[in-house]
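See structure below.
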Amino acid sequence: MSLSFNIKQGQRIDLWLKASKPAAQPLFSIRVNGQVIFKIQEASGYFQYFTWTSFQDGVATLEWQSEYSEISLCYTWHPDSLRASGVTFIATAGQDLRLMSGQDIADEYLQEPLRPALHFSPRTGWMNDPNGLHYKNGEWHLFYQYHPHSSQWGPMHWNHAVSRDLYHWRHYPVFLQPEQNLSALGATGGAFSGSAYIDKQGKTRFWYTERLPAYDLYRGYREVQKMAVAHDDYDKPEWVKTVLTDLPAGVDCDFRDPKVWYEEADATFYMILGASVNGDPAMLLFHSADSERWTFHHVLYVAPGYFRENGGRCVECPDFFCLDGVWVLIIGVVGYTEPTTGRHNLLFAQTGTFRNGYFTPSEQPLQTLDFGTDFYALQTWGEDDRRIGFAWLYNWATQKPVDSAYSGEMSLPRRFHLNAQQRLCMMPELPPESLVVSRHALDDGDIWVNEKGCKAGIVTFMPADGFRLTLTGDSGQQIILEQDGKNLTLYEKGRDDGRYRAPVAGVSDVTLCFDAGIVEVFANQGSVCGTRRYYSCSQLTRIQLSGAPAQLTQYRSTYSQE
């Protein structure tokens, strides 16, 4: 296979390649203006990272021996155009190498019915937790846990995407890789989750967990905290260093996912980490004067005993922030299964106060943030009196079809507020008007029909009493949201068993977002939310609501070139 294209001085090509069988000729080579200036003569039987930078303008010709090697990810980019256009992928599927950006990616996405139109997803590979979310110079930066070599979980990298409106995303180079080639070691681990902070000099700092080479997913591993400072172009870190290794007393192997912030009042950096303390899921607090040398402060929070009693092993992906003068603590608990429903992958929030380094919970009970269980590893960022967050839209119990090129999506961006009862509420930041295709008014009991199908839409209504909203897919599947005076329940007819529900006596307003089988529900101004991923339904042909009139807004894909 070969591919030729114009290249500029300073342009880079990054790729991950492995050998599949012995070869006499180079597995991959680059010629510029006819001269071979880079070649991979040999490679191992596991994926390795290679990078090349051009030092001249000209025509680059790539030659790849696909019979003898595999490429999991390949792209090219230039520092001068990275912010405007991101990377250009070099696709390796089929019989040809080809450049892919813009309309090419849109056409590729349209071939996969379950590829969402509004929710962010990676082009290929595995994605899980959002990381390092922040806003800088008019753009949102979303980093995320990524495995480039498969659509299954594996050694963790940080990938990166950038957007001006939270919906149209440009792909950037992979930002972090495991400190060692874990495939060569037969191990798991890598660059796990973390957070971002913009310092007074405008530099973006990151803290994240490195799981050192591990041979057991559940015990005996070592996790350390690292700090990285981004290059101005965000193409890579300027430097990375280990900043925290020592485990406090009572802490076992789970010691991860740092969230860091700065308190002006006491000129102190604080870091929280998910962990377990003497077997109880907990959150740890550290402090630092310079963000590099950290001292253990104390155990900030210990989850109630029923978490441990029902399989909860540790806290992970914690978040902690001040909202309208109230501090909000958010945790996921690894291994916990709710005994009354069998639900897992739940997120919880606790409000309270934070003074002198100590968190005092309010009298409000621990809040389940999303009753649907496909909303996990939430990360938020405060900007201009807004707090915006994304979560990983996935549940380990349900798997994406194996023939998909990717796995994992992000939730819609959500905006956070507290209601009068001090309950944490989430509402979607709606897509830009440029994506609206049409709007339809539905009277109570009306049936909206579209034989061509609706891939992405938002239904809003204000019921006076109980209601039933039925979404019918292109193969007759039915997804139902109903309120019966006691519970708000979301289920797929014939499959779900009613466990995905929230105890709600009355519902005043509902916003339901559908996107290629993703359903996100926001009720009572976002005080009740539920998220589910249905792989059996990629588009809707009928919508019927009994109990209230409604409005349906249809959207085109964010990757559409219309």
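Read-outs throughout are calculated quantities, based only on the coordinates presented, and are distinct from any laboratory measurement. Please read these numbers as outputs of a predicted model, since none were measured by experiment. In this analysis, Cβ positions are derived from the backbone assuming ideal geometry, glycine residues included, and neighbour counts consider all displayed protein chains.
If you take the Cα centroid of region 418-462 and the Cα centroid of region 6-45, the two points sit 49 Å apart. Were the residues from Ser66 through Asp80 laid out at 0.36 nm apart, the gain over their Cα-Cα distance would be 1.9 nm.
When Thr368, Thr295, Thr373, Thr204 are sorted by how many other C-beta atoms sit within 10 angstrom of their C-beta, beginning with the fewest, the order is Thr295, Thr368, Thr204, Thr373.
Simple spin-label estimate for Val302 and Asp446 gives 5.7 nm between the two label positions (7 Å along the Cα-to-Cβ direction from each Cα). Amide H contacts for Ser527 (H built 1.01 Å from N in the peptide plane; partners 5 or more residues away or on another chain; cut-off under 5 Å): Met426. Cβ crowding within 10 Å, taken as a proxy for footprinting-reagent exposure, orders Met426, Met227 from fewest neighbours to most as Met227, Met426. Across region 118-131, rounded Karplus estimates of 3J(HN,Hα) from the backbone phi angles (6.51 cos²θ - 1.76 cosθ + 1.60, θ = phi - 60°) give 10, 7, 5, 9, x, 5, 9, x, 9, 10, 10, 3, x, 9 Hz, Gly and Pro being marked x.
For region 450-465, 3J(HN,Hα) computed residue by residue from phi via the Karplus equation (6.51, -1.76, 1.60; θ = phi - 60°) reads 9, 5, 6, x, 10, 7, 9, x, 10, 10, 10, 7, 10, x, 8, 8 Hz, glycine and proline entered as x. The Rg/Rh ratio for region 42-108 is 0.97, where Rg is the radius of gyration of the alpha carbons and Rh is the Kirkwood radius.
Adding -39500 (n - 2.57) for every DSSP H run of four residues or longer, then dividing by how many residues the chain holds, sets the calculated 222 nm ellipticity at -1000 deg cm²/dmol. In a DSSP loop and with at most 13 other Cβ atoms within 10 Å, the GluC sites (Glu not before Pro) in region 316-424 are Glu363.
Applying a DSSP loop filter and a limit of 14 other Cβ atoms within 10 Å to the chymotrypsin sites (Phe, Trp or Tyr not before Pro) in region 374-420 leaves Trp396.
In plain terms, the residue of Cys425, Cys322, Cys529 with the fewest other Cβ atoms within 10 Å comes first and the most crowded comes last, giving Cys322, Cys425, Cys529. With R₀ set to 56 Å, the beta-carbon distance separating Gln25 from Thr460 gives a calculated FRET efficiency near 0.40. Distance between the modelled labels on Tyr535 and His231, one decimal in nanometres: 3.7 nm (7 Å Cα→Cβ projection).
Modelled label positions at Asp165 and Ser150, each set 7 Å beyond Cα in the direction of Cβ, lie 3.8 nm from each other. Computed from backbone phi, the HN-Hα couplings of region 52-59 come to 9, 10, 7, 10, 7, 7, x, 10 Hz, rounded to whole numbers (Karplus: 6.51 cos²θ - 1.76 cosθ + 1.60, θ = phi - 60°; Gly and Pro given as x).
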